[in-house]
1. Ignoring everything except DSSP H segments at least 4 long, calculate the 222 nm mean residue ellipticity for the chain; use -39,500 (n - 2.57) per segment, divide by total residues, nearest 500.
2. Which net charge results for the neighbourhood of VAL97, defined as the other residues with beta-carbon distances under 11 angstrom from its beta-carbon, given Lys and Arg at +1 and Asp and Glu at -1?
3. Using the Cβ atoms and a cut-off under 13 Å, what net charge is assigned to the surroundings of ARG15, where Lys and Arg are +1 and Asp and Glu are -1?
4. For segment 25-65, what class follows from the C-alpha gyration tensor (a ≥ b ≥ c being the square roots of its eigenvalues): rounded when a/c is under 1.5, otherwise prolate if a/b is larger than b/c, else oblate?
5. Using a 1.4 angstrom probe, figure out how much accessible area the chain has per residue, in square angstrom, rounded to the nearest whole.
6. What does the net charge come to around GLY55 if you take all other residues with beta carbon closer than 15 Å to its beta carbon, with K and R at +1 and D and E at -1?
7. Using bins 5 angstrom wide from zero, how does P(r) for the chain break down, in % of all Cα pairs?
8. If R0 is 25 Å, what FRET efficiency do you get for ASN13 and LEU37 from their C-beta distance, rounded to 0.05?
Amino acid sequence: MDERFHRGIEEFNRRSFFEAHDILEELWHEYRQEDRLFLQGLIQVAVGCYHLETGNWRGARSQFSKATQKLSPYQPSHQGLKVSELLDSIGECLRLVERAEQGGDVDVTTHRFPTIEYSNQS
């Protein structure tokens, strides 16, 4: 995979969600492989996290839901990433959004945002 893929993952894991989105989207525009939807799903996770961080519950729900649909077929891992674990983290984010939408007290500064883990790291 292109070096930008790994840079995008690094930015995501630093919680630089906007930057991760930009890097991965640049790659996505050029990407013509079969798993293009996988890359799009990762972009949507980054955008969902950005919306969650800024309190845009509707935007977060939308992006996380779309990402879940796109990433689910790639479980348990794909392109060296632990997809199943990422989907579990997205589920936690969706539950937080639901609590916020129902008027619950939500503090995103203490929320554990997802990380994208490599399945083949030593």
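1. -21000 deg cm²/dmol
2. +1
3. -2
4. Since a/c reaches 1.5 and a/b is larger than b/c, the shape of segment 25-65 is classed as prolate.
5. Here the per-residue accessible area is 55 Å².
6. Neighbour charge sum, excluding GLY55 itself: -2.
7. 2, 12, 23, 26, 19, 10, 5, 2, 0
8. Computed FRET efficiency for ASN13 and LEU37 comes out at 0.70.
The values are calculated or read from the model by the stated rules, or taken from the named source; none is laboratory data. Given the structure is predicted, the values throughout are model-derived calculations rather than measurements. Here the Cβ is made from the backbone with ideal geometry for all residues, glycine too, and neighbour counts use every protein chain on show. Heads up: the accessible areas ignore ligands, DNA and RNA and are worked out on the full protein's heavy atoms, side chains in. Shrake-Rupley method; radii C 1.70, N 1.55, O 1.52, S 1.80 Å.
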